[in-house]
1. Under 21 Å between alpha carbons, and skipping anything fewer than 8 positions from D:Lys307 in its own chain: which lysines qualify?
2. Which residue, C:Lys179, C:Lys277, C:Lys269, has the most motion in a Gaussian network model of chain C that connects Cα atoms within less than 10 Å?
3. From the phi of every residue in the stretch A:143-148, what ³J(HN,Hα) in whole Hz does the Karplus formula 6.51 cos²θ - 1.76 cosθ + 1.60 yield, where θ is phi - 60° and glycine or proline is x?
4. List, in order, the whole-Hz ³J(HN,Hα) value for each residue of the stretch A:216-221 obtained from phi through the Karplus relation with A = 6.51, B = -1.76, C = 1.60 and θ = phi - 60°; use x for Gly and Pro.
5. Please work out the FRET efficiency for the pair B:Ala175 and B:Lys60, using the Cβ-Cβ distance as r and a Förster radius of 30 Å; give the result to the nearest 0.05.
6. Fewest to most neighbouring Cβ within 10 Å: what's the order for B:Ser201, B:Ser17?
7. What lysines sit close enough to C:Lys147 to cross-link, taking a C-alpha to C-alpha distance under 23 Å and skipping anything fewer than 8 places away on the same chain?
8. If you put a point 7 Å past Cα along the Cβ direction, how far is that point for C:Ala162 from the same point in each other copy, in nm, smallest first?
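Derivation of every value follows stated rules applied to the coordinates shown; laboratory data play no part. Treat the numbers as computed from the prediction; the structure is a model and nothing was measured. Every residue, glycine among them, receives a Cβ derived from its backbone with ideal geometry; neighbour counts consider all protein chains shown.
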Number of protein chains: 4
Amino acid sequence: MKNTFGNSVAVTLFGESHGEYIGAVVDGLAPGIEIDREYIGHMLTLRRPDGKISTPRKEKDEFRIISGVVNGKTTGTPVTVLIPNENVNSSDYSALKTVARPSHADYTAQCKYHGFQDSRGGGHFSGRITAALVAAGAICKSALEKKGILIGTHVKKCGGVADRDFGEYSADIQALSGKGFAVLDEACEEAMKNRIIEAASEGDSVGGILETAVIGIPEGVGEPWFDSAESVISHMMFSIPAVKGIEFGAGFGLADMKGSEANDPLIIKNGRIVTEKNDNGGINGGITNGMPIVFRTAIKPTPTIFKPQNTVDYQNMTETVTEPKGRHDPAIVHRARAVQDAATAIVICDMLAMRFGTDWINEL
Amino acid sequence: MKNTFGNSVAVTLFGESHGEYIGAVVDGLAPGIEIDREYIGHMLTLRRPDGKISTPRKEKDEFRIISGVVNGKTTGTPVTVLIPNENVNSSDYSALKTVARPSHADYTAQCKYHGFQDSRGGGHFSGRITAALVAAGAICKSALEKKGILIGTHVKKCGGVADRDFGEYSADIQALSGKGFAVLDEACEEAMKNRIIEAASEGDSVGGILETAVIGIPEGVGEPWFDSAESVISHMMFSIPAVKGIEFGAGFGLADMKGSEANDPLIIKNGRIVTEKNDNGGINGGITNGMPIVFRTAIKPTPTIFKPQNTVDYQNMTETVTEPKGRHDPAIVHRARAVQDAATAIVICDMLAMRFGTDWINEL
Amino acid sequence: MKNTFGNSVAVTLFGESHGEYIGAVVDGLAPGIEIDREYIGHMLTLRRPDGKISTPRKEKDEFRIISGVVNGKTTGTPVTVLIPNENVNSSDYSALKTVARPSHADYTAQCKYHGFQDSRGGGHFSGRITAALVAAGAICKSALEKKGILIGTHVKKCGGVADRDFGEYSADIQALSGKGFAVLDEACEEAMKNRIIEAASEGDSVGGILETAVIGIPEGVGEPWFDSAESVISHMMFSIPAVKGIEFGAGFGLADMKGSEANDPLIIKNGRIVTEKNDNGGINGGITNGMPIVFRTAIKPTPTIFKPQNTVDYQNMTETVTEPKGRHDPAIVHRARAVQDAATAIVICDMLAMRFGTDWINEL
Amino acid sequence: MKNTFGNSVAVTLFGESHGEYIGAVVDGLAPGIEIDREYIGHMLTLRRPDGKISTPRKEKDEFRIISGVVNGKTTGTPVTVLIPNENVNSSDYSALKTVARPSHADYTAQCKYHGFQDSRGGGHFSGRITAALVAAGAICKSALEKKGILIGTHVKKCGGVADRDFGEYSADIQALSGKGFAVLDEACEEAMKNRIIEAASEGDSVGGILETAVIGIPEGVGEPWFDSAESVISHMMFSIPAVKGIEFGAGFGLADMKGSEANDPLIIKNGRIVTEKNDNGGINGGITNGMPIVFRTAIKPTPTIFKPQNTVDYQNMTETVTEPKGRHDPAIVHRARAVQDAATAIVICDMLAMRFGTDWINEL
């Protein structure tokens, strides 16, 4: 449903890049969940642009919670988070720009909204809106942790540099939560940053791959067919701007395997049934098998670059050249990691609430 | 919602591999859509196992339409398709088997259904159910064609052999519709089949990649954020058993590109705004841009192979070895192509009905 | 969603009066629920026309369950019930009749389906379809009973004769379940039947009021605002053909009361908090309070009567007179009681599954 | 879905009586709809308490629109309305009160939220939240008017005094829009107000009936079975606090009629098919017939009265007596009229967008 996602725990997003506020309404949270403002602030910080390798736009993200919380705990009714848009450059408030930036939503917004869209700074399509998604997801992620369900995302690849795979999930996820630049192999950090800075210096940008793991999720969650765990998780992930692909477990790698290579033997370990390799990413037949849910998303390079590019003026129906000015990210993959964590937390909360009931996450 | 997908045009699936019938209810179809029984039959044939490279299970797929059609046209109320399960081997009707086949849904079904699941032939998780999805999708696909919206899927890769990319979409899609084995470069067909036969001879199986193109879809369809075109399409595609990944346009390839490489210049061609490369697969910001929608799915190798594999008996909590007997496919990627076509048709019909209203597809 | 209702437990209806089958798909039922075929058969009998005071159409309602049940228990995947349409008079299979019967759906079906609707015997609008709803609801009702949640509906009014109010709920509901003609005060039965027979003898029909009580439902179920218990129950009830009104507790009677009369004191009884009068019908602020849920629906008189009535031929746009022939009910209120019971069971199952999780009703 | 209603046009409500803001997010509005701030303000005024016959709480309702509107027109993305809660009495900010007011949501909130609910001034259950619903609905109502679809609600009954029925719909609806106290027969106004004042002087309250008419709605809108026009309208109306009943057309009156009395002949008038009496309230078989949609809701008397009432302290499980102090309405029926208008506008917009597509209401 457009800007609302979820069946039992549901998030509604609103706002524009240069509007007064962006925000999110999170409905269906169990009552009594502690709101950890520092936790939310920390996740917003992880998403926030950071000097050298990000847009110089300053975002303080001083969020306010205007409903659904009393005495620091959820009431059970909708929690609304507002984040003011500061540092909005008023000279940007010009009229609708009709020169479409390539690989942006400028032209499709025009196709859908016929000129009424807010085109300032990307309007409702701006990555800025993900700050509200992060705040909403932070509440969910924090609540999941108390049930022993941990979520972590690392930059698996950026500008051609690849991080190592997840090893010991629990330790890796906990390490990631403290890192400003989320790589498992710290040696990658500088290499990746260098690629970003290099691209930036050329007025260019880079893309990457994000890998997420969810541990502690009970087995038997999800549905066969249309609400398979992969279906609902992918539905959410493709809501994140710049995501153009997703794969679970060995994903596209499975396409080149034989069954005897791909199949994942079941074994008994410490009295629990587990798989040897987790090549199905924790999901079989749409239903969790108790292993970590693991998936990777493809993040395209930021489309706004400082090079002349061929494009059209859709109003005048003329071909032209665009060369953007302003503040832009040479990469977003390292920031999107917080968004992917948050988005994952929301979808997992919803799946669990559908399976175990509205109060499960904070059963008293 | 579990076994129902869609907001305006909605499909509900039911049935088990060894039950009396499988079937689908398609609700929300505009009135007056012609039901082309041959078209449905043809798509079922494309999905049907074919001797050498498939399971020897014989499926006649003699579907019956038991509601929603009068005088060969949709009434506008739910269309129900029933397909009897013939060739069901009664000796299979044994009790719940508690030895889980690796990488199957056997164990997760147990986790979710606690022993009550129908485990005969995979039960409700069986690929057999996709026959009903194909019949439902065939009605949608046929209706879309009359509006100039064509859908085609080819085996982009199978057993390591790669087909060529789409070239002239319209010609390619039309060529595919007549092919029993859906490749664009016919030279691939034998090579792929050989890999399948080879794997079969070893008791093994192969996976692959399916690529789908949708042409003729209007621009401006889809939504920003949660109901992005990618979100709803991927939601549907991960409902197809064996799909473990999806990517749109250049997909995971974008992760390694620079912005200057990935960006897709807009140009004017024959008075229409188009992109040069379609690297975003026809979708920007979640909304169609009028270019072909192009996506690829990763199909894992059939998990049932005729080799001994380590696994567990989940009831006795013991490790054991399984070596399946019976009828199984050494590859399903060539059959799944019809499923992907059908599933795509359903989701596209729903998106269009949401955008343009319930009658649009057959506006009189 | 048109012909599908429910979020966790969902029912999809299909079929037409003179089609081959009518049926229902019930998705989301917990695994392991016993299917009591006699119970279903009994509820179908309560809905079935009975000689003197109903249509002479014979309905054997020999339902078949073609999916979702193994060894007499639900598997957890969709349960599909098929009911063949026997006793279909082939001379009825004529073309679309374009003379609209007053207060029927004939004209509105034309407005929506533009001549493609199945107009034989009311097509998809026929009360016949409620047999499938009853079968679906019977499964739910039977499962609820095992959790101590009982549902009963009586004919509160018919042809001007009023039954007594519910007294001792538990005893009354159990008494109703065995009655072919559902009144609490048995003295009413003959009076009501006489009014029906009298109306029939004049070629006329009568309406009435149905009152339903649900006991044993836990407190704290339902939602504030849009998914209030009243909202979802009324949504379902207005799906029953002929229902034109609904009221909860004292309902429209509250409109004429003062607050001091309407307010319902809370007291403690046997260690539980209860209300003295239950004038809010078990629901405050959209949420159950643990008291019986009580509501009444207004059932309009069967619109098909054997008297000449002014109407139009919508194709020729001419005024004309209609005088229906065939088989029709002089009253449906006594049959609709089984439909209301069944519809209530479905909606209650869905509310409970949303609140307590998918397995709650059969937690093992 | 809890605090979100609608499939294509959807409203999400949030906030509490004594929180910082209440608000609504309206998603799915067509782009280019003019936002008439005076219109919204006017509807808020109609809902606002007015001296003698309402609570003395002062509500300025200075709403702000913080997203989805540029240059006074909708962008097509979510419109968010914020209304600050002024005149909040800080002495009310005490801890959870555990004495439940009879016929209020106090006890059911406790059952559902286990003590975490915001109990200040009714919290999320407060009628105060309807101000946000009114603002959201005002945008929809204003847009509908430009398509010739008019909505009007009058106080059909209050404190036992009955207003006349709708006569000439168009004129009546237009007259109502200017009236602060919505009656058709102006002679009723004083009588009703006297009853309210009288009740207030006794520390008591009165209820009433609201009747709504919608004219200009096209025929063929709505669905058979579960999304019947009555189903979706009633779903919305029972979201309004204090509504305990709804009836369409002749409603409960039909229960006592014979078919020959209830049936509504179709005739041709000015080249259009209409009914003579509109006893089905513009809806047959769940689908609009082009006649005015007419329905009535039962509004219970305000439960907060200034008389001692028996109740319980649910924490201590003791019986006690409550005698509320503070600011309360002796009647809300005259204020709820604006809420019912607004709620109707939202549901009608959603039904039309589902039927005719997202842009229909502002097709360019």
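1. Within the straight-line cut-off, D:Lys307 pairs with C:Lys258, C:Lys277, D:Lys52, D:Lys97, D:Lys193, D:Lys325.
2. Judging by the Gaussian network model, the answer is C:Lys269.
3. Karplus values, whole Hz, x for Gly and Pro: 5, 5, 4, 5, 9, x.
4. In residue order, the calculated couplings are x, 6, x, 6, x, 9 Hz.
5. It comes out at approximately 0.65.
6. B:Ser201, B:Ser17
7. The reachable lysines, counting only those whose Cα sits under 23 Å from C:Lys147, are B:Lys112, C:Lys73, C:Lys179, C:Lys269, D:Lys112.
8. So the distances to the same position in the other copies read 1.6, 8.0, 8.1 nm.
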